[in-house]
1. I'm trying to understand the selection: among the residues of region 81-113, which are small (Gly, Ala, Ser) and within 16 Å of Ile43 (Cα to Cα)?
2. With respect to the numbered conditions (1) more than 16 Å from ligand 2 (Cβ to nearest atom); (2) surrounded by 18 or more Cβ atoms within 10 Å (Cβ to Cβ); (3) within 23 Å of the chain's Cα centre (by Cα), which one is the sole condition not fulfilled by Arg281?
3. Only one residue in Ser335, Ser348, Ser355 is within 24 Å of Val144 (Cβ to Cβ) and either within 16 Å of ligand 1 (Cβ to nearest atom) or of a type in the set (Gly, Ala, Ser) (or both), so which one is that?
4. Which condition number in (1) outside any loop (DSSP other than H, G, I, E, B); (2) surrounded by 12 or more Cβ atoms within 10 Å (Cβ to Cβ) is the one that Gly146 fails?
5. Can you go through Arg85, Arg112 and tell me which one is within 30 Å of Pro142 (Cα to Cα) and more than 16 Å from ligand 2 (Cβ to nearest atom)?
6. Restricting to region 287-343, give me the number of residues that are within 16 Å of ligand 2 (Cβ to nearest atom) and among the hydroxyl-bearing types (Ser, Thr, Tyr).
7. Restricting the search to region 20-48, which residues are of a type in the set (A, V, I, L, M) and not in a loop (DSSP other than H, G, I, E, B)?
8. Report yes if some residue within region 319-328 is crowded, with 17+ Cβ neighbours inside 10 Å, modelled with pLDDT of 95 or more, touching a Lys or Arg at 6+ places or on another chain (Cβ under 9 Å) and not charged (D, E, K, R); otherwise report no.
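The values are calculated or read from the model by the stated rules, or taken from the named source; none is laboratory data. Computed from a predicted structure; not experimentally measured. Quick reminder, even Gly has a Cβ in these numbers, built from the backbone with ideal geometry, and neighbours come from all protein chains shown.
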Amino acid sequence: MTEQKQPQNQNQNFLRDIWYYAIPGDQLKPGKMFAKQLLGEPIVFGRTDGGEVFALRDICPHRAVPLSCGQFNGTEIECAYHGWRFDQAGQCKLIPALNQDQDVDLKKFQVRRYPVREVQGNIWIYMSDQERSDTEPNHPIPMVAGFEDQNYQVRLTMKFDCFIDHAVIGLMDPSHVPFVHRAWWWRTDAILTDEIKAFDPSPYGFTMRRHRLERETFFYRLLGGNPEVEIAFQLPGVRIEQITTNTNRVANMTVITPISDTETEVTTMFYTTIGLLKLFRPILLPFVRTFLDQDRDMVVKQQIGLKYNPPLMLIRDADTQAKWYYQLRSAFAKSTSENCEFINPVKSQVLRWRS
Ligand code: FES
Ligand SMILES: [Fe+2]
């Protein structure tokens, strides 16, 4: 068994020049604003009367009052303090205190604008380095294949009080499952079985190759039986699980977004071919919440130990995916800081563990 000591505070910064999941699209109605901190930055999202989504730095460049404290008329935001107005591109359009003969070039007054896109029911935001805020992103937005024109049917968002890395690793950590996720509808005991899974590199991450699930839980039987699964992970913290059964296709996308150094948001969504799934939302959501709560409880316990800044270990093969995450993360950070091509450090291989 090979161990690798992992300094836990290694690289406590966020990946830049990449899309992050921001908010569900329906949280933003036309003519409304929504303020939210992401990666430690205050951001105001807005949707124009025409339905277009935008995101600006939520600080007025005049005297720092959050723009979200002002008024939005569906076209422009008016700051609450002195009434400066900004359009959806962050351009200052009006300074009410100016006399008519005071000729000021309003172009000089600009709020930082963040690129945003709305896909599959969600709003994504491109978080670049501050200096390069106007570069158009060429990085792809994570998509749930097979559901291109659909919105999710069920969604749940939770806050984890930890740095993003600990939440991401929980997503890909196979050996915690029998100990943390015990429930009658999932697994009731900690009887471990041998797992052998093949992995391949995939865009900005890796994919557990499609395979038949030997352990049929109650949940999978409900979906139609004979389940096959493929699980893909990609930076910055996106896990997409595609399940095919005899009768249905279900995709679960879980996205992880840092709010700050100590707070991380985890959102899980289901896209399915089951038309009536929405009706079952009140039944399904408590199950999903229980599952995520179990992860969150463990992260809370982990913080108790992390306060003492101990070195952490990654063992082979159970923690190999976590190791890949760290490798992907540093390869991506290198590619953006040195402005060179991203080279995926993951090679196709078979991993074995017990869970
Ligand atoms: S602080 Fe916004 S207009 Fe003065
Ligand atoms: Fe978990």
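1. Ala89, Gly90
2. Condition not satisfied by Arg281: (2).
3. Values: Ser335 fails: within 24 Å of Val144 (Cβ to Cβ); Ser355 fails: within 24 Å of Val144 (Cβ to Cβ).
The conditions single out Ser348.
4. Condition not satisfied by Gly146: (1).
5. Arg112
6. Result for region 287-343: 2.
7. Ala22, Ile23, Met33, Ala35, Leu38, Ile43, Val44
8. Taking region 319-328 as the starting set, the residues that turn out to be crowded, with 17+ Cβ neighbours inside 10 Å are 319-326, 328.
From the residues that got through so far, the ones that are modelled with pLDDT of 95 or more too are 319-326, 328.
Retained after the next criterion (residues that are touching a Lys or Arg at 6+ places or on another chain (Cβ under 9 Å)): 323.
Then keep just the ones that are not charged (D, E, K, R); that gives none.
Within region 319-328 (the criterion being crowded, with 17+ Cβ neighbours inside 10 Å, modelled with pLDDT of 95 or more, touching a Lys or Arg at 6+ places or on another chain (Cβ under 9 Å) and not charged (D, E, K, R)), the answer is no, since none of the residues qualifies.
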